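The values are calculated or read from the model by the stated rules, or taken from the named source; none is laboratory data. Quantities reported herein were computed from a predicted structural model and do not represent experimental measurements. Cβ sites come from the backbone with ideal geometry, for glycine too, and all protein chains shown count toward neighbours.
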Amino acid sequence: MSAVWLYPLILVAGILQAMGNSMNARLRVAVVNPWLAATLSFTLIVFCFVTLFAVLPTPLPTAEGLARMPWWAPLGGLAGAVAVFGGLVLVDKVGAGPFNGLLITANILTSLGIDHFGWLGMQVHALGPGRLLGAVLMVGGIALIARG
């Protein structure tokens, strides 16, 4: 199966992420305390995943799989939480366009490094002229959006 069929799902995830930043900003305004707002936001996430785990408990990890896991692997959620918290406290100050543009541009540039060097156990995808041009266009695009 071609990965291109996954692109619509990825696009929906990107749309929801952009909406989620603005939703979280409104949550923070309503509850005033950003730490409480983040806790409320993540409590719903935990509830959803615990429910899915209860309904679909398999597969479960093996002891060997856990032993081979890099020490930093469980920190992915915490890394994502930084972006969520950033949206929660900053998106209404700079605007959804600049915030998400900067977030996505930083994501793309970092991802190109991860791909090129095979960091974090990822398969190597060399940084060629097309990828480099795309990165330059992303930086130029966010510069225009942020200035607007």
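Just a few scattered comments:
- For the range 106-148, a residue qualifies if it is within 20 Å of PRO70 (Cα to Cα) and among the aliphatic types (A, V, I, L, M), and the qualifying residues are ILE114, LEU120, MET122, VAL124.
- Of all residues in the range 49-97, those being in contact (Cβ under 8 Å) with a residue 12 or more places away in the chain and among the acidic types (Asp, Glu) number 1.
- The listed residue being modelled with pLDDT of 95 or more and in the same structural domain as ALA38 (by TED's automatic domain parsing), out of ALA83, ALA126, ALA79, ALA63: ALA63
- The range 23-40 residues that are closer than 18 Å to GLY95 by Cβ, paired with ones that are among the acidic types (Asp, Glu) (beta carbon under 7 Å, 6 or more apart): ALA25/ASP92
- Counting only helices (runs of 4 or more DSSP H) that fall entirely inside the range 24-103 and contain at least 1 residues that are polar (S, T, N, Q) and touching a helix residue (DSSP H, G or I) at 6+ places or on another chain (Cβ under 7 Å), the qualifying elements are 34-55.
- ALA126 being more than 19 Å from ILE10 (Cβ to Cβ) and in contact with a Phe, Trp or Tyr (Cβ under 8 Å, 6 or more places away or on another chain): no
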